[in-house]
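Novice: For reference, the structure I am asking about is given below.
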Amino acid sequence: MRGALGGPGVLLRRLREVMAASISPQERLDRLVVLIAGNLVAEVCSVYVLREDGSLELYATEGLNREAVHLTTMRAGEGLVGLIASEAEPLALSDAQAHPSFSYRPETGEEVYRSFLGVPILRGGAVMGVLVIQNRASRLYSEDEIETLQTTAMLMAEMIAAGGLKSLAAPGASIGLDRPIHGVGVALADGVGLGHVVLHEPRVAITNLIAENPAAEVGRLEAAISEMRASIDELIERGDVAHTGEHRDVLETFRMFAHDQGWLRRMREVVMTGLTAEAAVERVQSDTRAKMLRQTDPYLRERLHDLDDLADRLLRTLVGKANGVARENLPENAILVARSMGPAALLDYDRAHLRGLVLEEGGPASHIAIVARALGIPAVGEVVNATALVEAGDAIIVDGQAGEVQIRPQPDVENAYKDKARLRARKQKQYQKLKELPAVTRDGVEITLQINAGLFVDLPNLEATAASGIGLFRTELQFMVAQHMPTTAEQQALYATVLDAAAERPVTFRTLDIGGDKVLPYMERVEEENPALGWRAIRIGLDKPRLLRAQVRAMLRAGAGRDLKIMLPMVATTEEFRRARMIIRREQAMLEKQGVTPPRDLRVGVMVEVPSLLFELPEIAREADFLSIGTNDLMQFLFAADRENKRVADRFDPLGVGSLRALRRIVEAAAETGCPVTVCGEMGGKPLETMALIGLGYRGFSMSAASIGPVKAMLRALDAGKLRERMDWMLAAPEGATNLRPQLSAFATEFKIPV
Ligand code: PEP
Ligand code: MG
């Protein structure tokens, strides 16, 4: 059924005239609702706009009582309008009053209307309001009508986003666009940052929403789709995936979506309602986002990103480039907001102006998290729909400790965070004072504190923390941020730079720990069911020794005439260690034959991070030159809990008797053979956990630079002997809880140990 004012194309053209007319915002809205009601042959058309407090306010109506405008409000979830806003889905009812959510508002006079059609006003998948039509008679709204109303809702969304309705807000209330949002994600890098949003991938700005000539728009859309498909085909066929950094399977998924008939049909249908091709792409993507964001299935979420990427490609084809911020030209106090980002992209930004990072993806073990930590940039990941919730320039706070963000914070929230940031700065100053003091416990036990590193940006941390060395240099990080596989010469130069920066302090280079979650963009990816348990680290090194040999050679050359420590990751058996050591010895012998000066002292050690090694401790501790415990992996394998899976990662406490006993066995075995042992996993950098490890007998730790101060403050207040006694007793046979965290915390409180 079509209205007296003609089809949707006619409606949109009329709407455009009203949009362009020089009238007040309220008058504009009033005229829009009259036009929509007329076109869809409805007696009522009303616009509700989301307010800052989350409620929905009636902004304009044709048909309902005009007095109710700016007076009637619905709380989130209240009534049919609230339901649409919370579900972000259209709702069509032939008998509205029979619906359980119907809520009667006498001031509007809506009791006489039986049929109801409401659609969310969406932008980037976020709800900004609700648009409703109503009819007296009971009627079924057609698909076409729902479509038309959604299209008009998109125009309203743009109007709201452009700030056109701000002046209409009732006194004391303001529009939801400026609504403060408290986003919860996961902590990636510690610290608190206050600043303003910079979008890593700025949205393509669509200025032209309504089509002059719908047939021509269909043509433009078709052409853009063909171009997009051709470019994806070309990428796949060129096989040059390394160059683009996109993996083949991602591209194959792209190709599948690029041919997805449902998606393409939706866009064509929307163009037929009178929107331009780019507006249609945007609208379909916004609907899809709204739907998919309400899905909890991670697979579907992942697909949303693929679709987002494709929609972006189409938009760029249709309207050209987005105008972004030059990376070297960041505004002061910039907080980057991105869907996802690779470590290299982050390194491209001017560090001096970066105050924080917010991602929709990215777990704590992701590469970007590692780099953010290395750079000391507070970062939060897994903030749902973050890029759609913000506008460039919005005030934003990143709390990388709690894993939270505050978008457009209220002044009291902002002040609280400013206090928090000041407190942290004060603490940093205190840690700074500890810098020159020795890392010795109250009862005189010396503890070695080293830092973990992997990038050039980490090196100044040695001086800054006065750490005694680099206890874990993750060599794969350089490989991960590089565009191509570093040559042996490049590697040698890097390792030499690291050794130079360390001066005479020891550096422990770990051979490549790739595979699993650590993927090199230029290396063919091996599909595995369980990558964490798959072909990774030393397993690749032993099966394809060319890579390992080249790396070892680079290390040996860089270490000529100096002390050199090489550490092997993911070793599961003593046999593996022997084979890897053999490779290192052979390389050493070869270089000596070539007349290259050997290292002054070469030590080959092992990461203890695969539980099987716990049952070969006497052998490995006798044969390896040193042990270093990778608690991140050791705990994930000990508890069978994926370190990257939020649901299970924090489920088991390493301060339980099970893991503490395992850790005690390692330190005891090492003591029996005189094999040096340190802890280089995250556990060793958390004051309470480090305290417990000292209680077990550990004396050496390697941790992120930011942890050195807090750990040193803790250990200087600790009586290690007393803790040891207490822990022996705690671990002997706990009758109650087997998690010792509460008792260890109580010990710290009792002796005023800052943890
Ligand atoms: C560990 O597993 O604890 C570790 C230090 O190595 P990574 O975090 O690099 O796996
Ligand atoms: Mg590990």
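Novice: Taking H placed 1.01 Å from N in the peptide plane, check which residues at least 5 places from Thr678 or on another chain put their amide H under 5 Å from its amide H.
Specialist: For Thr678, the qualifying residues are Leu627, Ser628, Ile629.
Novice: Rule-of-thumb check for the stretch 14-55: C-alpha Rg over 2.2 N^0.38 Å?
Specialist: 1.31
Novice: Which three extents, in angstrom, do the Cα atoms of the stretch 531-642 have along their principal axes, listed largest first?
Specialist: 48, 27, 21
Novice: Any idea what the dipole of the chain comes to, in debye rounded to 20, about its Cα centre with Lys/Arg Cβ at +1 and Asp/Glu Cβ at -1?
Specialist: Taking the Cα centre of the chain as origin, the dipole is about 2020 debye.
Novice: Please calculate how many Å² of accessible area the stretch 46-195 carries per residue, with a 1.4 Å probe and no DNA, RNA or ligand atoms counted.
Specialist: Averaged over the residues of the stretch 46-195, the accessible area is 36 Å².
Novice: Using modelled backbone amide H atoms (1.01 Å from N, in-plane), which distant-in-sequence or interchain residues come within less than 5 Å of Ser704's amide H?
Specialist: Asn452
Novice: How much of the accessible area of the stretch 415-535, in percent, comes from carbon and sulfur atoms when a 1.4 Å probe is used?
Specialist: It is 54 percent, rounded to a whole number.
Novice: Right, here's the next one. Pop out the ³J(HN,Hα) list for the stretch 182-189 in order, Karplus 6.51 cos²θ - 1.76 cosθ + 1.60 with θ = phi - 60°, rounded to Hz; leave Gly and Pro as x.
Specialist: Once rounded to whole Hz, the list reads 9, x, 10, x, 10, 5, 10, 9.
Novice: Something else about it: In the stretch 378-495, what percentage of the DSSP-assigned beta bridges are antiparallel, given to the nearest 5?
Specialist: Percent antiparallel among DSSP bridges in the stretch 378-495 is about 60.
Novice: While we're on this one: What nm value, rounded to one decimal, do you get for the distance between Arg351 and Arg585 when each label is placed 7 Å out toward the C-beta?
Specialist: 4.1
Novice: Another one. Cut-off under 14 Å on the C-alpha distance; same-chain residues fewer than 8 positions from Lys418 excluded. Which aspartates and glutamates are left, in chain and number order?
Specialist: Asp399
Novice: Expressed in whole Å with the largest first, what are the equivalent ellipsoid semi-axes of the stretch 584-625 derived from the C-alpha gyration tensor as the square root of 5 times each eigenvalue?
Specialist: 29, 9, 8
Novice: For the chain, with the dipole built from +1 on Lys and Arg beta-carbon atoms and -1 on Asp and Glu ones, taken about the Cα centre, which of Gly63, Ile146, Leu314 lies farthest toward the positive end?
Specialist: Leu314
Novice: While we're on this one: To make sure I understand the rule: partners must be lysines, Cα under 30 Å from the Cα of Lys291, and not fewer than 8 residues away in the same chain. Which ones qualify?
Specialist: Excluding near neighbours in sequence, the set is Lys166, Lys321, Lys646.
Novice: Helix-derived [θ] at 222 nm for the chain: sum -39500 (n - 2.57) over DSSP H runs of at least 4, divide by residue count, nearest 500?
Specialist: Here the helix-only value at 222 nm equals -14000 deg cm²/dmol.
Novice: Could you name the lysines whose alpha carbon sits less than 17 Å from that of Lys435, not counting residues in the same chain fewer than 8 places away?
Specialist: Lys427, Lys712
Novice: What does the extension gain come out to for Lys429 and Arg578, with contour length at 0.36 nm per residue minus their alpha carbon separation?
Specialist: 49.0 nm
Novice: For the stretch 390-498, which GluC sites (Glu not before Pro) are in a loop by DSSP, counting at most 11 other Cβ atoms within 10 Å?
Specialist: Here the sparse-neighbourhood loop sites are Glu436.
Novice: Between Asn415 and Ala466, 0.36 nm times their residue separation minus their Cα-Cα distance comes to what?
Specialist: 15.0 nm
Novice: Also, quick follow-up: State the answer as a single residue: which of Leu472, Thr448, Gln428 lies farthest towards the positive end of the charge dipole of the stretch 418-473, with beta carbon charges of +1 for Lys and Arg and -1 for Asp and Glu, about the Cα centre.
Specialist: The residue sitting most towards the positive pole is Gln428.
Novice: On the accessible surface of the stretch 141-234, probed at 1.4 Å, how many percent belong to carbon and sulfur atoms?
Specialist: So the carbon and sulfur contribution to the accessible surface is 51 percent.
Novice: Sticking with this structure for a sec: Nearest 0.05, what FRET efficiency do Arg622 and Ala76 give at R0 = 51 Å with Cβ-Cβ as r?
Specialist: After rounding to 0.05, the efficiency reads 0.20.
Novice: So, for the stretch 460-505, what is the accessible surface per residue at a probe of 1.4 Å, expressed in square angstrom?
Specialist: Per residue, the stretch 460-505 has 39 Å² of solvent-accessible surface.
Novice: Additional query: What number, in percent, do you get for the relative contact order of the chain if the mean sequence gap of Cα pairs under 8 Å and at least 6 apart is divided by its residue count?
Specialist: Answer for the chain is 10 percent.
Novice: Where only protein heavy atoms count, and the probe is 1.4 Å, what is the accessible area per residue for the stretch 563-634 in Å²?
Specialist: 41
Novice: Out of the trypsin sites (Lys or Arg not before Pro) in the stretch 332-403, which ones are loop residues according to DSSP with at most 14 other C-beta atoms within 10 Å?
Specialist: none
Novice: According to the square roots a ≥ b ≥ c of the eigenvalues of the Cα gyration tensor, what is the shape class of the stretch 602-755, taking rounded for a/c under 1.5, prolate for a/b larger than b/c otherwise, and oblate for the remainder?
Specialist: Rounded.
Novice: Sort all Cα-Cα distances of the stretch 412-566 into consecutive 5 angstrom bins from zero, then give the percent of pairs in each bin up to the one containing the longest distance.
Specialist: The percentages, shortest bin first, are 2, 8, 14, 16, 14, 12, 11, 10, 8, 4, 1, 0.
Novice: Please report Rg over Rh for the chain, where both radii come from the alpha carbon positions and Rh follows the Kirkwood definition.
Specialist: Dividing the radius of gyration by the Kirkwood radius yields 1.05.
Novice: Between Ala162 and Asp500, how high is the FRET efficiency from 1/(1 + (r/R0)^6) when r is the Cβ-Cβ distance and R₀ = 56 Å? Nearest 0.05.
Specialist: 0.55
Novice: Treat every Asp and Glu Cβ in the stretch 428-482 as -1 and every Lys and Arg Cβ as +1, leave all other atoms uncharged, and give the resulting dipole magnitude about the Cα centre to the nearest 20 debye.
Specialist: My answer is approximately 200 debye.
Novice: With the cut-off at 27 Å, report for the stretch 48-191 the share of all Cα pairs above it, as a whole percent.
Specialist: 21
Novice: While we're here: With the contact rule set at Cα under 8 Å and sequence spacing of 6 or more, what percent relative contact order holds for the stretch 400-511?
Specialist: Over the stretch 400-511, the number comes to 22 percent.
The values are calculated or read from the model by the stated rules, or taken from the named source; none is laboratory data. What you see is a predicted model, and the numbers here were worked out from it, not measured in a lab. Note that each Cβ is placed from the backbone with ideal geometry, even for glycine, and that neighbours are counted across all protein chains shown. These area figures cover heavy atoms from the full protein model, side chains too; ligands, DNA and RNA do not enter into them. Shrake-Rupley method; radii C 1.70, N 1.55, O 1.52, S 1.80 Å.
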